[in-house]
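Data first, discussion second: the structure below is written as structure tokens.
What follows draws every value from the coordinates through simple rules; no lab data is involved. The shown structure was predicted, so the numbers you read here are calculated from the model rather than taken from an experiment. For neighbour counting, all protein chains shown are included, and Cβ atoms are generated from backbone atoms with ideal geometry for every residue, glycine included.
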Amino acid sequence: DQQVKQNSPSLSVQEGRISILNCDYTNSMFDYFLWYKKYPAEGPTFLISISSIKDKNEDGRFTVFLNKSAKHLSLHIVPSQPGDSAVYFCAASVMDSSYKLIFGSGTRLLVRP
Amino acid sequence: ETGVTQTPRHLVMGMTNKKSLKCEQHLGHNAMYWYKQSAKKPLELMFVYNFKEQTENNSVPSRFSPECPNSSHLFLHLHTLQPEDSALYLCASSQSGQGDIQYFGAGTRLSVL
């Protein structure tokens, strides 16, 4: 049973528009969430994170929103650029008690020029 | 360049072979991880080492044998693998364990014939 789910395997967006990637989780103990980006033939690279004490974290064009009551987080990319085309993974953990990051299965984002 | 280097990048082996995957991190981190990514599945944590001590073995079959001689190096020794073990094997490191951001290598693409 997957504790972290990314229900959209792929997403296609026009350059300059907003990309919204979604992630749901089932374990209410998770209190730290991360997004990673992965290009082909490379390992995942850290993008942005959020602690459960916040509901929003912003870094340039990337914003992560957390809705704890819905056990849902989303990554917004505005404006989207062709270089953002990659696979995006969300991950969750329980800080201070576990080494485990639990990953979703990823969403492939294609930003069309 | 993430500071985590994995060799080889690609490996093809028969079921009776013995081979090893190598990971080296230049980030001064104390925790290192092995993950497996099979097609269309989430990253699965295999092993965690913190200060050279194994702290997590995620029910991995004994045909996978990790070794961590120091905080900068991590090996995964492989023997009598099965075709279903074909996957991308990723190494990661973090400052310590417990929810820290993990930095990944580019992975070793393993094919078992």
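Each DSSP beta bridge with both residues in chain B is either parallel or antiparallel, and the antiparallel ones are about 90%.
Taking Cα centre as origin and charging only the Cβ of basic (Lys, Arg, +1) and acidic (Asp, Glu, -1) residues, the dipole magnitude of chain B rounds to 380 debye.
Cross-link partners of B:K18 among aspartates and glutamates, defined as those whose alpha carbon lies under 14 angstrom from its own and excluding same-chain residues fewer than eight positions apart: B:D85. Listed values for the stretch B:27-35 are Karplus-derived 3J(HN,Hα) couplings in whole Hz (6.51 cos²θ - 1.76 cosθ + 1.60, θ = phi - 60°), namely 9, x, 7, 10, 10, 9, 9, 10, 10, and x replaces Gly and Pro.
Note on B:R9 and A:E58: the model spin-label points, each 7 Å out from Cα along the C-beta direction, lie 3.9 nm apart. For chain A, the normalised intensity computed at q = 0.14, 0.19 Å⁻¹ comes to -0.52, -0.95 (log10 of I(q)/I(0), Debye sum over alpha carbons, equal scatterers, no solvent). Over 31 Å apart at the Cα level, from the set A:K56/B:K22; A:K100/B:K22; A:K54/B:K41, are A:K56/B:K22. Please identify, among A:L21, A:L101, A:L66, the residue showing maximal mean-square fluctuation in a Gaussian network model of chain A using a 10 angstrom Cα cutoff. With Cα springs under 10 Å in chain A, the top fluctuation among A:L21, A:L101, A:L66 is at A:L101. Computed on chain B, the Cα convex hull volume stands at 94 Å³ per residue. Sequence-ordered 3J(HN,Hα) estimates for the stretch A:67-77 from the Karplus curve with 6.51, -1.76 and 1.60 and θ = phi - 60° stand at 10, 5, 5, 8, 6, 9, 10, 9, 10, 10, 10 Hz, glycine and proline given as x. Across the stretch A:87-94, coupling constants 3J(HN,Hα) worked out from phi with the 6.51/-1.76/1.60 Karplus curve, θ = phi - 60°, read 9, 10, 10, 9, 9, 9, 8, 9 Hz, and Gly and Pro carry x. Calculated over the protein assembly as shown, the projected area of the Cα convex hull averaged across directions stands at 12.2 nm². Across chain B, Cα pairs under 8 Å and at least six residues apart give a relative contact order of 37 percent.
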